[in-house]
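*Asks:* Starting off with a structure, shown below.
The values are calculated or read from the model by the stated rules, or taken from the named source; none is laboratory data. Model, not experiment: these values are computed from the prediction. Every residue, glycine among them, receives a Cβ derived from its backbone with ideal geometry; neighbour counts consider all protein chains shown. In case anyone asks, the SASA skips ligands and DNA or RNA and just uses the protein heavy atoms, side chains included. Shrake-Rupley method; radii C 1.70, N 1.55, O 1.52, S 1.80 Å.
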Amino acid sequence: MMARPYCVVVALLLLAEVSRLGEGASNPGFVVRITRKGLEYARQYGMATLKKELSTINVPDLSGSFEVGWMGSVSYEFKSLRISNFQIRNSDLSLLPGRGVRASLSNNYVSIGGNWKVKKAFITLQGTFDLSVDGVSISIYLNLGEDGSGRPTASVAHCSNSVGHVSIHISGNLSWILNLFHKRIENKLKDILKQEICEIVRKSTSSHLEPYLRTLPVTLMIDQVAGIDYSLVGAPQVTSQGLDTPFKGEFFGRSQRSPVPFDAPPIRLPQQHDRMAYFAVSQYVFNSASRVYHQAGHMNFTIRNEDIQILTEFLSDHSAKEWWNPRCLASETTPFITTMSCFLSNFLLLLQSPLDFPIHLHTKSLGAVIPQLARLYPNTELELEMSPESAPFLMFTPGNVTCMPVMNIQAFALLPNSSNRKPLFQLRARTDISATISVSSGRVLGSLTPGSKLKLELKHSNIGFFNVQLLESIFNYYASYIIYPSLNAKFEKGFPLPLPRDTYLNSLELQVHKNFLFVGANID
């Protein structure tokens, strides 16, 4: 009689994909909180799913026997049962702190049609029937847990039901005889329904929900380089205010998976429950991703003269629509982390190509700072290869995101009339950048602040020694007076929030806490 109650639970568990979780290696990479408002959304979704499923429900046949006065014991069978009408009048999905959730349907109506057969000795009667049941109520307690392999579990801890009024109309050969005893038949069916409803729920849970949960995937392949492990690191934590579900959130290399040499820091969720859902994303997620893509060499990039031109136009044209190199635009074939790396490269480029900056990637321009360049390679274009010395990590502190990249910069001369490049020198660049981030009206706002000045070091040179301090001073001057003010003017206006096209999230709120980003959202 129940329409696959596991559908409601699956909807809830998929939506929930601790106020304080334990410290150590078991700390989550991200936590999803579903509040009571989110639970109400899950209830509505579950009821919509329930209504769709009703037409496909296979109601089990009913059979047995009962005493009919002078006729004695009569065997009956009701088969080919189908639900013709179901009215959900009241439903509720609530939290059971420390245990799980309670799903209930009350005062509902259902009508069922089918075939009947009655047998007494050698006499067999059969026909069709219509059964109406009013005032059907059911309450189910579901315990939520984790099975040790990172998958959720759900089990029926308690089930109770009640049936109000039952009415049956029988038609067919000699059906008038059975209609004489319809009250007795109705009472018998009422007793059967009360016994069967919870049994159907338990069987449905064990045969549908539990096997489904055991086969849920716990990893996702992002691209050819990396995947992410989002298995549970603990059971969902249920409070009176919401459901907090901890996930591992660890990136791994597809070619070779090795242990991450650092632990996820603890996440202490703030007591906020105004939105339907909250997402706490640890710096561990970003840093494990950075490690994987750095090891795969996907954080290396090249800077050419056209890149500097694009960025110069961006800084000088406040109406520019694109604020990164078009080669970096994400597409179906461009990994997300590659786009991120390209963005970081362009940001570092900004530190070296400010508005009206007289130095370009050409020996004629750089000759004033490195005189031997113009002499050894006159009128020659240059190219820079950038690669992080180690995986760049993000650090979240209240209100700020900090990155301290250390980049190796290899300069090449592009020889005229040749595809060959001549290696010139290699620099090591260090900087410390802090950002504040917020979300307002669907736009990302923020500001950038240099935590320390750009430091340059000459690692190797094929053209002899030159004064890197002069380059360093020029870059820092333009960064302080041109780059950061220009960028902050644009960040003050904000950029559209990069959400997927089919997203149903709105009313977004973003906060930076120690060790994690905290995002609240409502769901359409």
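*Asks:* Within segment 220-285, considering only strands (runs of 3 or more DSSP E) that don't extend past its boundaries, which have at least 2 residues that are of a type outside the set (D, E, K, R) and closer than 23 Å to G98 by Cβ?
*Replies:* Numbers: elements: 226-229, 242-247, 250-253, 277-282.
Filter on segment 220-285 gives 242-247, 277-282.
*Asks:* Checking L93 against (1) under 28 Å from the mean Cα position of the chain (by Cα); (2) open to solvent by 60 Å² or more (accessible area, probe 1.4 Å), which test does it fail?
*Replies:* Single failed check for L93: (2).
*Asks:* State which residue pairs qualify: first residue of a type in the set (A, V, I, L, M) and inside segment 237-252, second residue in a strand (DSSP E or B) and open to solvent by 50 Å² or more (accessible area, probe 1.4 Å) in any location, beta carbons under 8 Å apart, and separation of 6 or more residues or different chains.
*Replies:* Taking only residues 6 or more apart or on different chains, the pairs are L243/Q237.
*Asks:* Could I ask something else about it? Of all residues in segment 93-127, count the ones that are farther than 15 Å from S75 by Cα and aliphatic (A, V, I, L, M).
*Replies:* Restricting attention to segment 93-127, the residues satisfying the condition of being farther than 15 Å from S75 by Cα are 93-114.
Going one step further and asking which of them are aliphatic (A, V, I, L, M), we end up with 93, 95-96, 101, 103, 105, 110, 112.
Summing the residues that are farther than 15 Å from S75 by Cα and aliphatic (A, V, I, L, M) in segment 93-127 gives 8.
*Asks:* I'd like to verify a number: residues in segment 435-475 that are over 30 Å from P496 (Cβ atoms) and among the small types (G, A, S), how many?
*Replies:* So the count comes out to 4.
*Asks:* Moving on. Could you please let me know if V406 is surrounded by 18 or more Cβ atoms within 10 Å (Cβ to Cβ) and either under 13 Å from S461 (Cβ atoms) or out of contact with any Cys (no Cβ under 6 Å at 6 or more places or on another chain) (or both)? Show your work before the answer.
*Replies:* Numbers: surrounded by 18 or more Cβ atoms within 10 Å (Cβ to Cβ): no; either under 13 Å from S461 (Cβ atoms) or out of contact with any Cys (no Cβ under 6 Å at 6 or more places or on another chain) (or both): yes.
In short, no.
*Asks:* How many residues are in a helix (DSSP H, G or I) and either more than 16 Å from S258 (Cβ to Cβ) or open to solvent by 30 Å² or more (accessible area, probe 1.4 Å) (or both) when one looks only at segment 292-311? Spell out how you get there, then give the answer.
*Replies:* Quick first cut of segment 292-311, residues in a helix (DSSP H, G or I) only: 292-295, 305-311.
With the extra rule that they be either more than 16 Å from S258 (Cβ to Cβ) or open to solvent by 30 Å² or more (accessible area, probe 1.4 Å) (or both), the set shrinks to 294-295, 305-311.
The qualifying residues number 9.
*Asks:* Oh, and also: Pick out, from segment 417-524, the strands (runs of 3 or more DSSP E) lying fully within it that include 2 or more residues that are under 30 Å from V281 (Cα atoms), out of contact with any Phe, Trp or Tyr (no Cβ under 7 Å at 6 or more places or on another chain) and open to solvent by 50 Å² or more (accessible area, probe 1.4 Å).
*Replies:* Numbers: elements: 421-440, 443-461, 505-513, 516-523.
Strands (runs of 3 or more DSSP E) meeting the threshold: 421-440, 443-461, 505-513.
*Asks:* Look at segment 277-333 and say how many of its residues are modelled with pLDDT under 50 and under 21 Å from the mean Cα position of the chain (by Cα). I'd like the intermediate steps shown before the answer.
*Replies:* If we filter segment 277-333 for residues that are modelled with pLDDT under 50, which is where we start, we get 318-333.
Filter once more, keeping what is under 21 Å from the mean Cα position of the chain (by Cα): 330-333.
Count: 4.
*Asks:* Just the residues that are of a type outside the set (A, V, I, L, M, F, W, C) and under 20 Å from the mean Cα position of the chain (by Cα), please, taken from segment 184-213. Step through it out loud before you land on a result.
*Replies:* Of segment 184-213, the ones of a type outside the set (A, V, I, L, M, F, W, C) are 184, 186-188, 190-191, 194-196, 199, 202-208, 210-212.
If the condition is that a residue be of a type outside the set (A, V, I, L, M, F, W, C) and under 20 Å from the mean Cα position of the chain (by Cα), then Y212 is the only one that fits.
*Asks:* So which residues in segment 360-380 are of a type in the set (A, V, I, L, M, F, W, C) and out of contact with any Lys or Arg (no Cβ under 8 Å at 6 or more places or on another chain)?
*Replies:* L366, A368, V369, I370, L373, L376
*Asks:* Sticking with this structure for a sec: Can K453 be described as charged (D, E, K, R) and modelled with pLDDT under 90? Reasoning before the result, please.
*Replies:* Working: charged (D, E, K, R): yes; modelled with pLDDT under 90: yes.
Criteria met by K453.
*Asks:* Oh, and also: Out of all the residues in segment 203-233, which are within 24 Å of E40 (Cα to Cα) and either open to solvent by 70 Å² or more (accessible area, probe 1.4 Å) or at pLDDT 90 or above (or both)?
*Replies:* Answer for segment 203-233, where residues must be within 24 Å of E40 (Cα to Cα) and either open to solvent by 70 Å² or more (accessible area, probe 1.4 Å) or at pLDDT 90 or above (or both): H208, Y212, L232.
*Asks:* Residues in segment 75-97 that are aliphatic (A, V, I, L, M), under 25 Å from I34 (Cα atoms) and in a strand (DSSP E or B): how many? Full working, then the answer.
*Replies:* Step one: of segment 75-97, the residues aliphatic (A, V, I, L, M) are 81, 83, 88, 93, 95-96.
Going one step further and asking which of them are under 25 Å from I34 (Cα atoms), we end up with 88, 93, 95-96.
Still in the list and also in a strand (DSSP E or B): 93, 95-96.
Within segment 75-97, residues that are aliphatic (A, V, I, L, M), under 25 Å from I34 (Cα atoms) and in a strand (DSSP E or B) number 3.
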